1. Determine one quarter of the surface area of the Cα convex hull of the chain, which equals its mean projected area, and express it in nm² to one decimal.
2. Is segment 148-245 rounded, prolate or oblate when judged by the Cα gyration tensor, a ≥ b ≥ c being the square roots of its eigenvalues, rounded requiring a/c under 1.5 and prolate requiring a/b larger than b/c?
3. Short version: ³J(HN,Hα) in whole Hz for each residue of segment 29-36, in order, from phi by Karplus 6.51 cos²θ - 1.76 cosθ + 1.60 (θ = phi - 60°), x for Gly and Pro, what are they?
4. Could you give the angle, 0 to 90 degrees to the nearest 10, between helix 66-84's Cα long axis and the longest principal axis of the Cα atoms of the chain?
5. Excluding residues on the same chain fewer than 8 positions from Lys34, give the lysines whose Cα lies under 18 Å from its Cα.
6. Among 34-43, 229-238, how do they line up from the highest to the lowest mean number of other beta-carbon atoms within 10 Å?
7. Evaluate the distance, in nm, between pseudo-label points positioned 7 Å from the Cα of Glu17 and of Glu102 along their respective Cα→Cβ axes.
8. Note down the net charge around Arg223, summing +1 for each Lys or Arg and -1 for each Asp or Glu among other residues with Cβ under 15 Å from its Cβ.
Amino acid sequence: MESVEGQIELFVLGGIELRGVAPSAANALLAQPKVTALLVFLAMAPEQRPQRRDRIVGLLWPDLDQAHARTALRKATHALRKGLGADTILSRGDEDLAVRPEFSCDAADLTKAFSKGQLQHAVELYKGEMMPGFYLPDCGEFERWLEGERQSARECAAASALALAAIREQESALTVAGRLARQAVAFKWDDERVLRKAMQVLARIGDNAGALRIYDDFSARMRSELSADPAPETRRLADSLRGKT
């Protein structure tokens, strides 16, 4: 993201950070998990469209009755407006909330960059898992929403890296193509389709050893974390690179 004077930037890829406000204000907000979750949810809304209060309270305060949940939402909204500026969180009538259009979020920017074919920008934006380690107890619907956003960010980053690797391969920038192929696997290590495409890129540029290295790393991690082996299609590809029938 490019900084604009007076712009507030929210970073959630590889960590959580707020820029464009005083560090004390940013730290005070980010120390409150529900306030942080509210800000991220509004910032990640498609095209930053207003979101219904009923949906927000269901995500963040499912254990409270409607009256108490709405009170909690009002307090969280007040905290954001106090810390970020009164015009940062917009209301549309009594039922909708949104962030102002100028508000910037790296995960939302990643989605936009990918949809516009800005592959290099998308790869550069992905610094790691979205909101790593962030967890709200007893908020299962929010956790499902967050995991979906994490998955989407990984997919956009991996797809961008693979597409860019193919372009660099065609341009004979083979070292860069190989690096991007390996990045794609790092972005989405548990997707064998990404792994196979990356292995194929590396094989085409003459780096069979590199292709087998990422395969062996993947296999070891599968066995360690999932007690599983790669799919037959992936094993056949690895065997072919080893010169086996």
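1. The number I arrive at for the chain is 15.4 nm².
2. Because a/c hits 1.5 or more and a/b fails to exceed b/c, segment 148-245 counts as oblate.
3. With coefficients 6.51, -1.76 and 1.60, one gets 6, 6, 6, 10, x, 5, 5, 4 Hz.
4. It works out to around 80 degrees.
5. The qualifying lysines are Lys75, Lys82.
6. Numbers: 34-43: 22.1, 229-238: 14.8.
Order by mean packing, descending: 34-43, 229-238.
7. With each label point 7 Å from Cα toward Cβ, the separation is 2.2 nm.
8. Taking every other residue near Arg223 into account, the sum is -4.
Coordinate-derived values only; no laboratory data. The structure presented is a predicted model; accordingly, all values stated were derived computationally and were not measured. Counting neighbours? That spans all protein chains shown, and the Cβs are built from the backbone with ideal geometry, glycine included.
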